[in-house]
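**Q** Here it is, the structure in full.
The values are calculated or read from the model by the stated rules, or taken from the named source; none is laboratory data. All values derive from a computational prediction rather than experimental measurement. Please note: Cβ atoms are built from the backbone with ideal geometry, for glycine as well, and neighbour counts cover all protein chains shown.
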Amino acid sequence: MREIQASDVTQTVRRLCVEANCRLPEDMRACIARSRDEEAWPIARDILDRIIENYEIADRDYVPICQDTGMACVFLEIGQDAHVNGDLAEAVHEGVRQGYADGYLRKSVVADPLRRVNTGDNTPAMIYYEIVPGDRLKITVAPKGFGSENMSRIAMLRPSDGEDGVKDFVVRCAEEAGPNPCPPIVIGVGIGGTFDRAALLAKKALMRPVDVRSDDPYYAAMEAELLARVNALGIGPQGFGGKTTALAVNILACPTHIAGLPVAVNINCHVTRHQSEVL
């Protein structure tokens, strides 16, 4: 059994909170730059230039890419032969607390959804646990802004709705979202499982690099088709028109019940942020 100190978890989460908010992943930067070069609409190109300038300034000056520094979503892949000395959940929350204070990141969490009093430190984090083989602990911090989160949807389709029903639902979600999630967007799609599992799959799909397609050829083809259909909507960067409405559609699927076809769409903005480290 390999021992991991809770204090090391805290320091790692603290650092990842700041890095994720200040440094856009390289795959996102490359995709946005490529989209700018391929964009035919002058206004769309100009907006993409501003987006590129923004993330370059954030990287250079180590300041947040966006004023909405998000709710901290923390994914933990825990090796079954690893043991954390201390309270793992509290270690994560403390890391978020320190990261958002030390990084001067906006505190955006209220303690109760109806009695809306800000917690003042961006806790609690949303923590997702997964037990995996090995003796390591992989931590991924993905700050999630709510301009895009609010545009996310879930549907319990009928099995008879089939592939076309799933595709139409995804495209309809993007169309109804319009400019609200600050396009160009990344679309995470979860298919199968149960109501809650589909939503988690959709959120996890957003962690995949935008230049990596599904390893299942069937879903890889569906991702390409959906990306083309969403971009054909013409919503464009920030909703001013153009061919670049989405940068990627990432699909994750899992087994489901014979009577159901759950599908969830989790939308992220052009600041699709996440940083990882393995302890």
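**Q** Could you figure out which of (1) among the small types (G, A, S); (2) out of contact with any Gly (no Cβ under 6 Å at 6 or more places or on another chain); (3) closer than 24 Å to L137 by Cα; (4) not in a strand (DSSP E or B) isn't true of A202?
**A** It fails just one condition, (2).
Residues checked against (1) part of a helix (DSSP H, G or I); (2) modelled with pLDDT under 95; (3) not assigned by TED's automatic domain parsing to the domain that holds G193:
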| position | (1), (2), (3) |
| --- | --- |
| L114 | no, no, yes |
| T123 | no, no, yes |
| G134 | no, no, yes |
| I154 | no, no, no |
| S160 | yes, no, no |
| E163 | yes, no, no |
| K167 | yes, no, no |
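**Q** Only one of these is touching a His at 6+ places or on another chain (Cβ under 9 Å) and polar (S, T, N, Q): T256, T194, T272. Name it.
**A** Sole residue among the options that is touching a His at 6+ places or on another chain (Cβ under 9 Å) and polar (S, T, N, Q): T194.
**Q** Let me ask another. Among the listed residues V9, V13, V74, which satisfies the condition of being touching a helix residue (DSSP H, G or I) at 6+ places or on another chain (Cβ under 6 Å), outside any helix (DSSP H, G or I) and not assigned by TED's automatic domain parsing to the domain that holds P181?
**A** Values: V9 fails: outside any helix (DSSP H, G or I); V13 fails: outside any helix (DSSP H, G or I).
That would be V74, the only listed residue that is touching a helix residue (DSSP H, G or I) at 6+ places or on another chain (Cβ under 6 Å), outside any helix (DSSP H, G or I) and not assigned by TED's automatic domain parsing to the domain that holds P181.
**Q** Something else about it: Suppose the filter is closer than 22 Å to V132 by Cβ, outside the structural domain of R213 (by TED's automatic domain parsing), surrounded by 16 or more Cβ atoms within 10 Å (Cβ to Cβ) and not hydrophobic (A, V, I, L, M, F, W, C); does T69 pass it?
**A** In short, no.
**Q** Residue by residue through segment 72-112, note down the ones that are hydroxyl-bearing (S, T, Y), within 17 Å of S148 (Cβ to Cβ) and surrounded by fewer than 18 Cβ atoms within 10 Å (Cβ to Cβ). Spell out how you get there, then give the answer.
**A** First pass over segment 72-112, keeping only residues hydroxyl-bearing (S, T, Y): 100, 104, 108.
Cutting the leftovers down to within 17 Å of S148 (Cβ to Cβ) gives us 108.
Listed by number, the list is empty, since nothing qualifies.
**Q** For segment 125-178, which residues satisfy the criterion of being within 30 Å of L16 (Cβ to Cβ) and hydroxyl-bearing (S, T, Y)?
**A** Within segment 125-178, Y128, Y129, T140, S148, S152 meet the criteria.
**Q** Tally time: how many residues in segment 136-152 are in a strand (DSSP E or B), touching a Cys at 6+ places or on another chain (Cβ under 9 Å) and not small (G, A, S)?
**A** Here the count works out to 4.
**Q** Now for a separate question. Being closer than 26 Å to V132 by Cβ, loosely packed, with under 15 Cβ neighbours inside 10 Å and modelled with pLDDT of 95 or more, is that true of even one residue in segment 36-55?
**A** First, pick out the residues of segment 36-55 that are closer than 26 Å to V132 by Cβ: none.
No, segment 36-55 contains no residue that is closer than 26 Å to V132 by Cβ, loosely packed, with under 15 Cβ neighbours inside 10 Å and modelled with pLDDT of 95 or more.
**Q** Restricting to segment 113-127, what's the tally of residues that are touching a helix residue (DSSP H, G or I) at 6+ places or on another chain (Cβ under 7 Å), hydroxyl-bearing (S, T, Y) and surrounded by fewer than 18 Cβ atoms within 10 Å (Cβ to Cβ)?
**A** 0
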